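Please read the structure below before turning to the comments.
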């Protein structure tokens, strides 16, 4: 499970990181609104713990912008703002849950587990973008109604790109989350590039709108139109 902690108070961020790592979560910490928004829109996370008062973009701005872009990652707001109006504003902006500082770490963990479960249950058995459809249960793939035959690895790669459509997915992220390789002495970049090229030939075989894009120096993105 990969969690982004967005908190500008270093002591609080360090305590959250240490506690969550102790529960075997993969934790990334960001201390600014701009840095957090960049990570949210370019990297996959299972949940975001978001402070509202941040340098640069504040938490409400980040929430509104990520939901506008279609990023559905569950967000737990952590804040000292405890008025009813503040809570309503946060939830209306796209937060999934709200926790007032100071809080018990056990309650934070329970809320994170609930968010992750909720996100999984809510996932549709069918993913789509444009005229591309992927059925996760039957593992059938069609583009414009035409069947697309994929290997097991190609299907897993496509499903991952679809789950993060509109976001840049790095080769490191693919190695970790699709290939499940975290301890290799050499990177999987060449292997990943070959699989992406094969997948692109099958999914984007016909002339017309291309869906799988390479973002130079960053990774890959699946979306309608150029990134």
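The values are calculated or read from the model by the stated rules, or taken from the named source; none is laboratory data. Keep in mind it's a predicted model, so treat the numbers as computed, not measured. As a convention, Cβ positions derive from the backbone with ideal geometry for all residues, glycine included, and neighbour counts pool all protein chains shown.
Do we find a residue being under 20 Å from the mean Cα position of the chain (by Cα) and either assigned to a strand (DSSP E or B) or surrounded by 12 or more Cβ atoms within 10 Å (Cβ to Cβ) (or both) anywhere in segment 136-151? Yes - at least one qualifying residue is present in segment 136-151. Residues in segment 201-227 that are under 15 Å from residue 130 (Cα atoms) and assigned to a helix (DSSP H, G or I): 203 alone. Evaluate segment 75-86: report whether one residue or more is outside the structural domain of residue 36 (by TED's automatic domain parsing), at pLDDT 90 or above and surrounded by 17 or more Cβ atoms within 10 Å (Cβ to Cβ). No; the residues of segment 75-86 include none that is outside the structural domain of residue 36 (by TED's automatic domain parsing), at pLDDT 90 or above and surrounded by 17 or more Cβ atoms within 10 Å (Cβ to Cβ).
Report, by residue number, each residue of segment 9-32 that is surrounded by 18 or more Cβ atoms within 10 Å (Cβ to Cβ) and either in contact with a helix residue (DSSP H, G or I) (Cβ under 6 Å, 6 or more places away or on another chain) or not in a helix (DSSP H, G or I) (or both). Selection gives 25, 27, 29, 30.
For segment 51-70, check the following and say yes or no: at least one residue is assigned to a helix (DSSP H, G or I), under 19 Å from residue 114 (Cβ atoms) and modelled with pLDDT of 80 or more. Yes, because at least one residue in segment 51-70 is assigned to a helix (DSSP H, G or I), under 19 Å from residue 114 (Cβ atoms) and modelled with pLDDT of 80 or more. For segment 86-100, taking the residues that are touching a helix residue (DSSP H, G or I) at 6+ places or on another chain (Cβ under 8 Å) and part of a helix (DSSP H, G or I), the one that is farthest from residue 72 (Cα to Cα) is identified as 89.
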